[in-house]
Amino acid sequence: MIQSPDGTYVVRLALPPGFVKAEILRTVAELAERYASGEVHITVRQGLEIPEVPPSKLDDLLRKLRELGLEPGSTGPRVRQVTCCPGTRTCANALTDPVPLARKLHEEFLDVWVPAKVKIAVSGCPRGCTRPSENDLGLVAVGGDEWELLVGGYRVARLPEQDVIDAVELTLEWYASEAPPGTRLHRFVTDRVSELRDVLERL
Ligand code: SF4
């Protein structure tokens, strides 16, 4: 969670990427009314935040969220909320349903400690509505079950879906072991793209 300048807190929620069940939205709305100002912020990374939580209500809200199976979202030098487009469920241009892969990435990597925050975006076709080339890590469906992995906007691998999790894990391990604290992955990779491609050859 984040403290606002007025001393209240912003409680960020870790939502699975893609689609959110209506009952979760209703629950979050009720909690925002009960423990905060009654408003919910929809973040640029497709997450939800409950702002203006008074310090006196923070512990109760966090406990209630956990009881309901909702975990606080990631902040600081960690892997952040994975963003994802709707893919074949609603988009005529989609080459695949990107949601299952985005959810696997969410389950495997959300909150993992890294030298600086890492943002991941998944797109169901090369139009790239989630801006995969502007995220630290981007996954773009390119047809069949193939995905392109972009790191800092550089195309570093083309993979079958079954290898994507291993490729992201190798990339994050390489980044965590090589980069100085505070250095964003998209900057760190700029002079080391060929080194990262060599690392991914291990797959
Ligand atoms: S990235 Fe492609 S599949 Fe996803 S919403 Fe945009 S056009 Fe549709």
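The values are calculated or read from the model by the stated rules, or taken from the named source; none is laboratory data. What you see is a predicted model; the values in this text were computed from it and never measured. FYI the Cβ positions are ideal-geometry reconstructions off the backbone, even for glycines, and counts take in every protein chain you see. Ligands, DNA and RNA are excluded from the accessible area calculation, which covers all protein heavy atoms including side chains. Shrake-Rupley method; radii C 1.70, N 1.55, O 1.52, S 1.80 Å.
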Can you list residue pairs whose Cβ atoms sit under 8 Å apart, with the first residue in the stretch 35-47 being in a loop (DSSP other than H, G, I, E, B) and the second being small (Gly, Ala, Ser) and at pLDDT 95 or above? Count only pairs 6 or more apart in sequence or on different chains.
38/32; 39/32; 40/29; 40/32
From the list 39, 33, which residue is modelled with pLDDT of 90 or more and in contact with a helix residue (DSSP H, G or I) (Cβ under 7 Å, 6 or more places away or on another chain)?
39
Options 172, 149, 159: the member that is assigned to a helix (DSSP H, G or I) and either within 16 Å of the ligand (Cβ to nearest atom) or among the aliphatic types (A, V, I, L, M) (or both)
172
Against the condition farther than 21 Å from residue 166 by Cα, open to solvent by 50 Å² or more (accessible area, probe 1.4 Å) and out of contact with any strand residue (DSSP E or B) (no Cβ under 7 Å at 6 or more places or on another chain), how does residue 108 come out, does it pass?
no
Quick one: which residue in 123, 133 is open to solvent by 10 Å² or more (accessible area, probe 1.4 Å), at pLDDT 95 or above and among the hydroxyl-bearing types (Ser, Thr, Tyr)?
133
For residue 81, are the conditions met, namely being open to solvent by 40 Å² or more (accessible area, probe 1.4 Å), among the polar types (S, T, N, Q), outside any strand (DSSP E or B) and more than 10 Å from the ligand (Cβ to nearest atom)?
no
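Where residues in the stretch 49-78 are within 19 Å of the chain's Cα centre (by Cα) and at pLDDT below 95, which of them is most open to solvent (accessible area, probe 1.4 Å)?
My answer is 71.
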